[in-house]
Amino acid sequence: MARSGDSDSRVHSVGDWFTLHVREVVVGVVVVLVAVAGVFFYRQVTAANRRSAEQQFFAAQAQAADPAAQQKALDQVISNFEGTPSAAQAAMLLAQLRYDEGKYDEGLAALRRLQQGGVSDEFAASVDALIAAGLEGKGSFGEAAARYLAAAEKARFDADRQSYLADAARAYRLAGNEAEAVKLWTQLASDPANPHSAEARVRLGELTAAAATRG
């Protein structure tokens, strides 16, 4: 059985330790509380920022009747809300609108500007694919094919990946790089479940016939 003197001694020891270290304990508690509050505040600000970005993006979409005003509004979303999903969507829409006008360099500039600010995994593949489409529009088929391959590597879903590989194969053929086109079409044709397998077999037949004609 423990003696009361020993118990009192332990109590005093704990009390003495707390008295000596109370400042450190209080500081530690305050630091933890500040950190928790900081995380909460950051999340609140981030959520509010995203909501504002969404509102401005939807407002920009609604200005379709005035292309110039719409493009200006989309550009503002990109500038004001860098890093948000709405900024990524705004850049992609802005690029597509500029492509439709034949302004491929301006469309590509919007997408590259977006990439410099950082693109989430959710949009990374789509942005690369849209850059590839702009490069195709300019006639830079070899560069476009490389971008489609980059999009395929970043694709989160297999169906998207296969589609980007098919786009890359088409671009390589247009670039005159039939060897790379054949490689990709062969890969796509090897899987009967692939929705592009039928096209892949047709393209391989065309490339084989073209090679035979050339002798």
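Worth pointing out:
- Other residues whose C-beta falls under 14 angstrom from the C-beta of G102 contribute a net charge of -2, scoring Lys and Arg +1 and Asp and Glu -1.
- Anisotropy class assigned to the stretch 102-188 is oblate, per the alpha carbon gyration tensor with a/c at or over the 1.5 cut-off and a/b no larger than b/c.
- R112 paired with Q61, simple spin-label distance in nm, labels 7 Å along Cα-to-beta-carbon: 2.9
- Each residue was assigned an accessible area with a 1.4 Å probe, and for D105 the value is about 100 Å².
- Listed residues T186, T213, T84, T208 arranged by accessible area, highest first, probe 1.4 Å: T213, T208, T186, T84
- Exposure of F81 as accessible area (Å², to 10), given a probe of 1.4 Å and all protein chains: 20
- For chymotrypsin sites (Phe, Trp or Tyr not before Pro), the sites in the stretch 146-201 that DSSP calls loop and that have at most 12 other Cβ atoms within 10 Å are F157.
- Alpha-carbon centroid distance for the pair the stretch 145-204 / the stretch 100-114, whole angstrom: 24
- For the residues L93, L207, a 1.4 Å probe over the protein chains yields an accessible-area ranking, largest first, of L93, L207.
- Solvent-accessible area of S52 with every protein chain in place, 1.4 Å probe, in Å² to the nearest 10: 50
- The candidates E206, E199, arranged from most to least accessible area with a 1.4 Å probe in the full protein assembly, appear as E206, E199.
- Charge dipole (Cα centre; +1 on Lys/Arg Cβ, -1 on Asp/Glu Cβ; no other charges) of the stretch 110-215 amounts to roughly 260 debye.
The values are calculated or read from the model by the stated rules, or taken from the named source; none is laboratory data. In this text, all values refer to a predicted model and were calculated from it rather than measured experimentally. Don't worry about glycine lacking a Cβ; one is built from the backbone with ideal geometry, like all the others, and counts go over all protein chains shown. In case anyone asks, the SASA skips ligands and DNA or RNA and just uses the protein heavy atoms, side chains included. Shrake-Rupley method; radii C 1.70, N 1.55, O 1.52, S 1.80 Å.
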